[in-house]
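Right, one structure below, let's go through it.
The values are calculated or read from the model by the stated rules, or taken from the named source; none is laboratory data. Keep in mind that this is a model prediction, so the values were computed, not measured. Virtual Cβ from ideal backbone geometry, glycine too; neighbours counted across all protein chains shown. The protein model used for the area step is the full one, side chains on, heavy atoms only, and it has no ligands, DNA or RNA in it. Shrake-Rupley method; radii C 1.70, N 1.55, O 1.52, S 1.80 Å.
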Amino acid sequence: MIDAHGCQQLHTVINAQDELVASTDPAWIGALARHGYTLDDAGEIAQLAGAVRPLSRRSAQIVRG
């Protein structure tokens, strides 16, 4: 049987680890820079920050049905 709560916790840990690696990995940061992207103080791709809120709002609408 799959424990939904355990899966959710594992998902949270994996996301946190991924965010840490993405914001500190020199190869990733270099690849972004080669394509004209930078990371902001929060570790997000600065040039895509304007897309986050609209996409998140739309995701919430889809979930609500």
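Looking at the range 4-25, which of its residues are of a type in the set (A, V, I, L, M), open to solvent by less than 80 Å² (accessible area, probe 1.4 Å) and without any contact (Cβ under 8 Å) to a residue 12 or more places away in the chain? Listed by number, the residues that qualify are 4, 16, 21.
Applying the set (1) touching a helix residue (DSSP H, G or I) at 6+ places or on another chain (Cβ under 8 Å); (2) modelled with pLDDT of 80 or more; (3) open to solvent by less than 90 Å² (accessible area, probe 1.4 Å) to residue 28 leaves exactly one unmet item: (3).
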